[in-house]
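Heads up, the thing below is written out as structure tokens.
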Amino acid sequence: MTMDDLVIRSRRAVLPGGERPASVSVRDGRITAISPYPSGDAAAPAGGAAVVDLGDTALLPGLVDTHVHVNEPGRTEWEGFATATRAAASGGVTTLLDMPLNSLPPTVGPAALAAKRAAAEGACAVDAGFWGGAVPGNLPSLRPLHDLGVFGFKCFMSDSGVPEFPPLPPEELRAAFREVASFGGLVAVHAEDPASLAPPSGGGYGAFLASRPPAAERLAVERAVRLAEETGVRAHILHVSADACLDVLEKARADGLPVTAETCPHYLTLTDEDADGPAYKCCPPIRDAANREALWQGLASGVLSCVVTDHSPCTPELKRGDFATAWGGVSSLQLGLPVVWTAARARGHPLHSVVRWMSEAPAALAGVPGKGAIAVGNDADLVAFDADETFTVRAADLHHRHPVTPYEGRTLTGVVRATWLRGAPAGAAPAGRLLTPDPRSTQDPCSTQDPR
């Protein structure tokens with residue numbers, strides 16, 4: 001009989017079956033048992049394990065954020081593994097997957113992946129994995145990247161914003177889908193139709209919003225769905241911002257196609273009326289309040305399965321100017337959990353649904369081994385979350401390299417009190433590991449969507 005290192009208790013443990021009182025036992029970084037929350041003489045565990053009793057503070061699994069731009073190597077002045085993962089740990093994120101851009105080189109071949117791994121090795125406060133990229137001309141590199149352990153392949157239908165990661169023309173997009181399908185991989189699509197986009201007619205938010213209409217997303221999603229049906233590839237639609245896409249996605253699911261979709265905290269909480277400066281600029285854009293509420297309905301129904309940040313920082317200089325010229329990207333890696341919980345709670349969604357959207361479903365989508373749930377055998381990646389406490393966002397409290405955020409000054413509900421990575425406090429030291437996918441754990445993140 002092995003002895004546990006640590007027992008963490010909470011009257012609000014969020015488990016795969018819902019929220020209930022529980023004690024979580026940890027040995028050698030993994031969860032060994034989940035037992036009832038004790039009382040009386042049972043409060044002292046056998047064997048002298050260290051005990052953390054959270055009382056009414058919720059215990060969550062560590063979040064899994066599958067959409068993060070770390071930008072290192074090459075643009076480390078924008079962000080970096082040390083700063084991004086420290087912000088992640090502070091926000092309850094214990095696993096992140098790094099996108100193949102905006103680093104230099106982008107992760108589009110084996111040598112670039114090696115450079116990415118070298119930059120991340122020994123620098124991460126949480127666990128990290130990597131997406132590969134599909135760009136014009138790199139079709140022969142997709143299978144080697146898959147064999148080297150990327151979690152999937154990101155591609156663009158329209159301009160990515162950086163010249164070294166161009167969009168795939170129609171025939172190359174089809175070829176990439178077919179190639180990734182041949183080895184059972186995952187394609188993640190930035191879905192905006194290039195013919196439907198135009199340069200903004202001015203520097204205000206209205207002009208920027210009009211330049212990227214909902215139809216641009218819908219047309220691109222329709223195309224991705226057709227290609228998924230044609231090739232059989234697993235296709236994931238990134239950062240859905242337009243409610244015009246929801247019926248297309250719902251039909252794809254009803255037809256049994258392997259198509260999933262995500263949205264982001266900023267689309268679920270902000271509106272066009274909030275956008276008073278370039279901190280709000282992102283592509284696709286933040287839309288109106290009715291659209292926002294429709295996205296919440298898409299989450300509740302399971303049409304949208306994941307909520308991830310699309311953390312996309314840059315230097316402060318690139319966020320200056322107006323909506324026509326500033327860099328597009330929202331930095332929210334540290335704030336995603338309280339941002340989403342504040343809005344979800346106000347709409348009657350329980351905490352276990354937020355955990356489903358931000359931990360369990362992303363881990364299932366990408367096949368991240370041992371993550372996403374408080375379950376025996378999983379890594380002891382855990383978060384103490386005071387779900388009733390409020391705080392005001394101050395840029396000075398943020399850990400990503402440049403604390404630019406559209407949430408500055410907002411009052412949010414939910415405070416991360418502690419984060420554990422494999423049973424050890426996370427954030428203070430670079431104890432994160434570099435991950436590769438487990439194909440056996442890859443599953444449809446909508447297949448076990450829990451009801452509200």
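Assorted remarks:
- Loop-located trypsin sites (Lys or Arg not before Pro) across the range 367-417 with a Cβ neighbour count of 14 or fewer within 10 Å are Arg394, with loop assigned by DSSP.
- Under the convention that each Lys and Arg Cβ holds +1 and each Asp and Glu Cβ holds -1, the size of the dipole of the range 1-40 around its Cα centre is about 180 debye.
- Basic side chains Lys and Arg get +1 at the Cβ, acidic Asp and Glu get -1 at the Cβ, and with that the dipole of the chain about its Cα centre reaches some 460 debye.
- When the chain is described by a simple charge dipole with +1 on each Lys and Arg Cβ and -1 on each Asp and Glu Cβ, the residue from Gly91, Ala361, Val51 located farthest towards its positive end is Val51.
- Nearby lysines by direct alpha-carbon distance to Lys371 (threshold 24 angstrom, same-chain neighbours under 8 apart not counted): Lys116, Lys154
- When each of the peptides 93-103, 313-323, 20-30 is scored by the mean number of other C-beta atoms lying within 10 Å of its residues, the order from highest to lowest reads 93-103, 20-30, 313-323.
- When the Cα positions of Leu257, Cys245, Pro278 are compared along the charge dipole of the range 236-316, Leu257 comes out farthest toward the positive end, with charges on each C-beta of Lys, Arg, Asp and Glu.
- For Asp4, the solvent-accessible surface computed with a 1.4 Å probe is close to 50 Å², ligands and nucleic acids excluded.
- Selected from Gly206, Thr315, Leu186, residue furthest toward positive end of dipole (the chain; charges at beta carbon): Leu186
- Inter-part distance, the range 223-282 to the range 353-426, computed on C-alpha centroids, equals 23 Å.
The values are calculated or read from the model by the stated rules, or taken from the named source; none is laboratory data. Since the model is a prediction, treat every value here as computed from it, not as a measurement. So basically every Cβ, Gly included, is an ideal-geometry build from the backbone, and we count neighbours across all protein chains shown. These area figures cover heavy atoms from the full protein model, side chains too; ligands, DNA and RNA do not enter into them. Shrake-Rupley method; radii C 1.70, N 1.55, O 1.52, S 1.80 Å.
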